[in-house]
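Each reported figure results from applying straightforward, stated rules to the coordinates on display, with no laboratory input. Owing to the predicted nature of the structure, the values given are computational and were not obtained by experimental measurement. Cβ placement follows ideal geometry from the backbone for every residue including glycine, while neighbour counts extend to all protein chains displayed.
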Amino acid sequence: MIRTSKEVRARIVLTAILAASCLTGTAAQAQKLPSGFVYLRDVDPTIIQDLRYAGSNNFVGRPLRGYEAPECVVKREVGALLKSVQDELALQNLSLKMFDCYRPTRAVADMVAWSRDGKETVAGKRYNPSFSKDDLFRLGYIAERSGHSTGAALDLTLVDLKADNSATFNSTKDYGDCTANVNLRAPDGSVDMGTGYDCSDVKSHTAAKSITAAQRRWREKLVQVMARRGFVNYSKEWWHFSLPGAGRQAYDFPITQRK
């Protein structure tokens, strides 16, 4: 029997949801998280994590409030679907890399306060080179409410496991801005998507015309593999995806070290 693409996607999503209901072992029981949340490492430890807001390699230049550990926390259903994505990518020598997952509402408020304090910083200009940071709110790059706080929104990219991903961020180095050539901007340890992560610029729009054919193919691959599990991309940020219906309530519990 020939199945339509919608039927195939529904089958993938259903399988992942059933798998999510089984994530209740000893490790899950030991987690001090609200009901329905899991540490992604307990679901799939092969997914690479680089939680930017837990350190200084971000547009604020410091850890955000509520990020007490560099751990990806998500809704259980979201975690199972990410594992399904990872299983598919592994067959192509690729991996997901998580930049941000659940985000406490106190961290969202921290971002908003930073955007309105009137102080331009070197870190900030690397991430929004074309305009002042008080425009971030007006242009939709920062908001008072974030889907991340529900545990159903994610920032991520792809990693080519065959490539040399050893370059790491050096806080003393003078990098180019996030729209610069990949060899000049701060390393993301991932494929070249045309801009760095969290780049507030039209070049970061998923369908931007100002990127190369190879960069466009990577973006399309990421969107397609996520869409097959029901994730929806935010058109202004190639890295941002959400799972409709998986999260409604915003939370403010801190992200602590996984036990």
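The angle between the Cα long axis of helix 213-227 and the main principal axis of the chain comes to about 40°, on a 0 to 90 degree scale. Among 82, 33, the order by Cβ neighbours within 10 angstrom, fewest to most, reads 33, 82.
Charge dipole of the chain (Cα centre as origin; +1 on each Lys and Arg Cβ, -1 on each Asp and Glu Cβ, all else neutral): 520 debye, rounded to the nearest 20.
Against the main long axis of the alpha-carbon atoms of the chain, helix 105-115 sits at an angle near 20°. Counting only lysines at least 8 places from residue 259 when in the same chain, those with an alpha carbon closer than 23 Å to its own are 32, 75, 83, 97. Put the Cα centre of region 52-110 next to the Cα centre of region 188-241 and the gap is 16 Å. Comparing 167, 107, 54 in a Gaussian network model of the chain (Cα springs below 10 Å), the most mobile by mean-square fluctuation is 167.
Going from the residue with the fewest nearby Cβ atoms within 10 Å to the one with the most, 240, 205 rank 205, 240. Multiplying the residue separation of residue 106 and residue 32 by 0.36 nm and subtracting their alpha-carbon distance yields 24.8 nm. Using just the C-alpha positions of region 219-259 as equal point scatterers, what log10 of I(q)/I(0) does the Debye formula give at each q in 0.28 1/Å? The Debye formula, applied to the Cα set alone, gives -0.92. Antiparallel beta bridges, as assigned by DSSP with both residues in the chain, represent about 80 percent of the total such bridges. The tail of the calculated P(r) for region 5-242, taken as Cα-Cα distances beyond 27 Å, holds 33 percent of the pairs.
With the simple spin-label model, which puts each label point 7 Å out from Cα in the Cβ direction, the residue 46 to residue 256 separation comes to 3.1 nm. In terms of distances greater than 20 angstrom between alpha carbons, the cross-link table entries 125/221; 133/221; 209/236 yield 125/221; 133/221.
On the basis of the beta-carbon distance and an R0 of 30 Å, residue 236 and residue 116 show a calculated FRET efficiency of 0.90.
Counting beta carbons within 10 Å around each of 145, 41, 76 and listing the fewest first gives the order 145, 41, 76. Note on the chain: with a GNM built from Cα contacts shorter than 10 Å, the maximum mean-square fluctuation among 63, 104, 34 falls on 34.
Against the longest alpha carbon principal axis of the chain, how many degrees, from 0 to 90 and to the nearest 10, is the axis of helix 76-90 turned? It is inclined by approximately 80 degrees.
Among 91, 136, 64, the largest mean-square fluctuation in a Gaussian network model of the chain, built with springs joining Cα atoms closer than 10 Å, belongs to 91.
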